[in-house]
Amino acid sequence: MPHAPRLPPHLVRRDLAAVPPYVPGRPLSDLQRELGDVPITKLASNEGPYPPFPAALEAITAAGHDQNLYPDPGAWALRDALAARHGVDPGRIVVGNGMDSLIKLLCMALLEPGDELLMGWPSFVSYRQGATIQGAVFSPVPLRADGAYDLPALAAAVGPRTKIVAVVSPNNPTGGAVGPDELEAFLDSLPGHVLPVLDEAYAEYLPEGGHDGMALLRDGRGLVVMRTFSKAYGLAGLRVGWMAGPEGLPEAMSPVRNVFDVNAVAQAAAVASLADAPAHMPARMEEARAERERMAEGLRALGLDPLPSSANFVFVEVGPERAAAIDRGLTARGVIVRPTGGFGAPGGLRITAGTPAQTDRLLAAMAEVLEDLA
Ligand SMILES: *Cc1c(COP(=O)(O)O)cnc(C)c1O
């Protein structure tokens, strides 16, 4: 075989070297070979532990037949269903190949070199990537001690070049959420030249009385709210995210979008999921919250100090060396969690709450690992 030619380095944009990389976990098949018979419990990516809702599974199977055809580029059925569910105009909704893709596209549509994106930190890295790719300035603002965004500090950091102020609540990787009243006060306090973006990837897990970006939009506020089917709906593999915001948002995004961003199977599954949610979501969320609290209590009983969480995971700060050691010990026992260095929290571990059996396995493995390290 001839030597494969190499991409000449001078062809690659030099400023992309500054984009923080996404570090993917090891392929599970790899790890399974190494562990032999030890079953793997993956609590590393905040996925829901259950399959898609029954109607979504049916829609996925039924949609297979028509996959010779391109999907609806306007995703009308899905946008109409979202609009009906949340009481917002479908003309103000944009769907995308996961929220992750929408975050990057929003940055592409809005940010010019030298503009600024402000957000709390440690937090979700896609915003940082999106800003850096655009040559924009990424300005991190420290979180509160409880792991939620410090909204007054964020508002105080707004400058003349700030365009996007992102609020991730509940925050990933820490799990903390801001309250609805402080969020409204924060939105009121922002100057007119910035666009607030509320990342509600974990909206469904919020407690009763938590913030609701859709209600803020219905009240006529000028913000962007982002949500996903990846977590509570159990559709992470199909990649469907969406955003709703001010008039003109879809038009602003249109030049940077890929026309067929959301595939037809994903569109059908998302529509069916919305129809099935009233019957299935409440019990699913109740269990998710209960398992999260049981996991947090169990970790506390083992001497760890998880932050309060309003999502489907908990965060524990243990220091970089201990985080690496615990991660290794858990992995050797088939339990995969997420060290949070890539999120700006090098001393932390983020652990997804799953089924009751998964919680039991995590706590048993953690007890052994901590015993070994003692
Ligand atoms: C998971 C997650 C997303 C993105 O999810 P997608 O799978 O890309 O839709 C966005 N924001 C936060 C905070 C998340 O945790």
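Numerical summary
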item: Flag for Pro191 being over 30 Å from Leu349 (Cβ atoms), surrounded by fewer than 16 Cβ atoms within 10 Å (Cβ to Cβ) and modelled with pLDDT of 95 or more; result: yes
item: Leading residue by the ranking (nearest to the ligand (Cβ to nearest atom)) among those in segment 197-216 that are crowded, with 22+ Cβ neighbours inside 10 Å and free of Cβ contacts under 8 Å to residues at least 40 places away in the same chain; result: Glu200
item: Residue count for segment 288-338, restricted to those that are among the acidic types (Asp, Glu), without any contact (Cβ under 8 Å) to a residue 60 or more places away in the chain and assigned to a helix (DSSP H, G or I); result: 4
item: Unique residue being over 25 Å from Ala272 (Cα atoms), in contact (Cβ under 8 Å) with a residue 60 or more places away in the chain and not aliphatic (A, V, I, L, M) when the list is Pro39, Pro9, Pro24; result: Pro39
item: Which listed residue, of Asp219, Asp261, is within 14 Å of the ligand (Cβ to nearest atom) and not basic (Lys, Arg); result: Asp261
item: Number of positions in segment 119-163 that are closer than 23 Å to Gly210 by Cβ and of a type outside the set (Lys, Arg); result: 22
item: All positions within segment 141-168 that are touching a residue at least 60 places away in the same chain (Cβ under 8 Å) and within 16 Å of the ligand (Cβ to nearest atom); result: Gly147
item: Within segment 1-108, helices (runs of 4 or more DSSP H) holding 1 or more residues that are closer than 30 Å to Arg338 by Cα, modelled with pLDDT of 95 or more and among the aliphatic types (A, V, I, L, M); result: 54-63
item: Count of residues meeting criterion [in a helix (DSSP H, G or I) and either touching a Ser or Thr at 6+ places or on another chain (Cβ under 7 Å) or at pLDDT below 95 (or both)] in segment 136-155; result: 1
item: Test: residue in segment 49-60 that is over 30 Å from Thr132 (Cα atoms), buried (at least 16 other Cβ atoms within 10 Å of the Cβ) and not hydrophobic (A, V, I, L, M, F, W, C); result: yes
item: Unique match (being farther than 23 Å from Leu31 by Cα and not assigned by TED's automatic domain parsing to the domain that holds Arg239) among Arg350, Arg328, Arg333, Arg294; result: Arg294
item: Hey, Val178 more than 16 Å from the ligand (Cβ to nearest atom) and assigned to a loop (DSSP other than H, G, I, E, B) or not; result: no
item: Looking only at segment 109-135, and only at residues there that are over 18 Å from the mean Cα position of the chain (by Cα), in a loop (DSSP other than H, G, I, E, B) and more than 21 Å from Gly241 (Cβ to Cβ), the one that is nearest to the ligand (Cβ to nearest atom); result: Asp115
item: Matching entry among Ser273, Ser230 (being on the phi < 0 side of the Ramachandran plot, assigned to a loop (DSSP other than H, G, I, E, B) and polar (S, T, N, Q)); result: Ser230
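The values are calculated or read from the model by the stated rules, or taken from the named source; none is laboratory data. None of the values given here were measured: they were computed from a predicted structure. Glycine also receives a Cβ, built like all others from the backbone with ideal geometry; neighbour counts cover every protein chain displayed.
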